[in-house]
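K.L.:
The structure's right below; bear with me while I get my questions together.
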Amino acid sequence: MKPAKPKLKTQPNPWKPRSNKRVFENAWFCLDEDEVVNPGGGLSHYGKILFKNIAIGVIPLDEQDNTWLVGQYRYVPDCYSWEIPMGGGALHIDPLESAKRELREETGLSAGRWQTLMHLHTSNSVTDERGIVYVATELTEGETAFEETEDLQLLKLPLKDAVQLAIDGEITDAVSVAGLLRLAMDR
């Protein structure tokens, strides 16, 4: 028997917006600066990154409980990163369709069964980006279709090893860590 969940209280929004200015915009996100009255009553300037996509992550699982990680050099943090297959899904497209596309492009895999594992906010103090992590099973192998910006390496390994890499801090991508640990907790 699972223990009872704690009841989480919410509070009304204490932030009072006064003005908004668009600072930057490209195909992926907008950067806004808001003038606000903060919860303590002081005047503050708050930067917000507003995403035009949903972060989509996929944990593929085969019959032997293996999964796939994708390795690539990430420009912004300036480091090599191992992650679950992931990408952005346009807001006007069903996130599951985006997940199917990302899995196929990055691993060559297609899945006969999909399960939503979790919803999350990637960094809710500065961005509105939402994420969804799926588990994909009943896998069929096919061809990858990397994008021009992707120089990917694929690694097939037991799911328990991928979870351990997340626990050990070798996988640092937030969506990957959250998804792998949540899946491990559900098993």
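The values are calculated or read from the model by the stated rules, or taken from the named source; none is laboratory data. If you're wondering where the values come from, they're calculated on a predicted model, not measured in any experiment. Here the Cβ is made from the backbone with ideal geometry for all residues, glycine too, and neighbour counts use every protein chain on show.
K.L.:
Identify the residue in the range 125-140 that is at pLDDT 95 or above and touching a Gly at 6+ places or on another chain (Cβ under 8 Å) and, among all such residues, is farthest from Q72 (Cα to Cα).
P.N.:
Applying the filter and picking the extreme gives E138.
K.L.:
Within the bounds of the range 154-164, is there any residue that is charged (D, E, K, R), surrounded by fewer than 18 Cβ atoms within 10 Å (Cβ to Cβ) and in contact with a Phe, Trp or Tyr (Cβ under 9 Å, 6 or more places away or on another chain)? Outline the logic, then answer.
P.N.:
Pass one, the range 154-164, residues charged (D, E, K, R): 156, 160-161.
So of that shortlist, the ones also surrounded by fewer than 18 Cβ atoms within 10 Å (Cβ to Cβ) come out as 156, 160-161.
Pick out the ones that are also in contact with a Phe, Trp or Tyr (Cβ under 9 Å, 6 or more places away or on another chain) and you get 156.
The answer is yes; a qualifying residue exists.
K.L.:
Moving on to the next point. Any residue at all in the range 19-42 that's within 17 Å of the chain's Cα centre (by Cα), outside the structural domain of S110 (by TED's automatic domain parsing) and on the phi < 0 side of the Ramachandran plot?
P.N.:
From the range 19-42, those within 17 Å of the chain's Cα centre (by Cα) are 28-29; that's our starting set.
Still in the list and also outside the structural domain of S110 (by TED's automatic domain parsing): 28-29.
When the remaining residues are screened for being on the phi < 0 side of the Ramachandran plot, the result is 28-29.
Within the range 19-42, one or more residues are within 17 Å of the chain's Cα centre (by Cα), outside the structural domain of S110 (by TED's automatic domain parsing) and on the phi < 0 side of the Ramachandran plot.
K.L.:
Kindly indicate whether V58 is over 27 Å from the mean Cα position of the chain (by Cα) and either surrounded by 10 or more Cβ atoms within 10 Å (Cβ to Cβ) or touching a residue at least 60 places away in the same chain (Cβ under 8 Å) (or both). Lay out the reasoning, then the answer.
P.N.:
Details: over 27 Å from the mean Cα position of the chain (by Cα): no; either surrounded by 10 or more Cβ atoms within 10 Å (Cβ to Cβ) or touching a residue at least 60 places away in the same chain (Cβ under 8 Å) (or both): yes.
Here the answer is no, as V58 does not meet what is asked.
K.L.:
Restricting to strands (runs of 3 or more DSSP E) lying wholly in the range 8-119: which have 1 or more residues that are in contact with a helix residue (DSSP H, G or I) (Cβ under 9 Å, 6 or more places away or on another chain)? Step through it out loud before you land on a result.
P.N.:
Values: elements: 16-25, 29-37, 43-51, 53-60, 66-74, 79-83, 86-90.
So the answer is 53-60, 66-74, 79-83, 86-90.
K.L.:
Another question, then. Give just the number: which of (1) free of Cβ contacts under 8 Å to residues at least 60 places away in the same chain; (2) in contact with a Lys or Arg (Cβ under 7 Å, 6 or more places away or on another chain); (3) hydroxyl-bearing (S, T, Y) does T137 not satisfy?
P.N.:
So the condition that T137 fails would be (1).
K.L.:
Shifting gears a bit: I want to confirm something. Restricting to the range 76-110 and keeping residues that are acidic (D, E) and touching a residue at least 24 places away in the same chain (Cβ under 8 Å), which single residue is surrounded by the fewest Cβ atoms within 10 Å (Cβ to Cβ)?
P.N.:
Filtering the range 76-110 for residues acidic (D, E) gives 78, 83, 94, 97, 102, 105-106.
Now restrict to residues that are touching a residue at least 24 places away in the same chain (Cβ under 8 Å): 83, 102, 105-106.
Details: E83: 22, E102: 21, E105: 18, E106: 25.
Among those that are acidic (D, E) and touching a residue at least 24 places away in the same chain (Cβ under 8 Å), it is E105.
K.L.:
Give me the pairs: first residue in the range 145-171 and at pLDDT below 95, second residue assigned to a helix (DSSP H, G or I) and surrounded by 12 or more Cβ atoms within 10 Å (Cβ to Cβ), beta-carbon distance under 6 Å, and six or more apart or on different chains, which are they?
P.N.:
Every condition considered, the pairs that remain are A145/E105.
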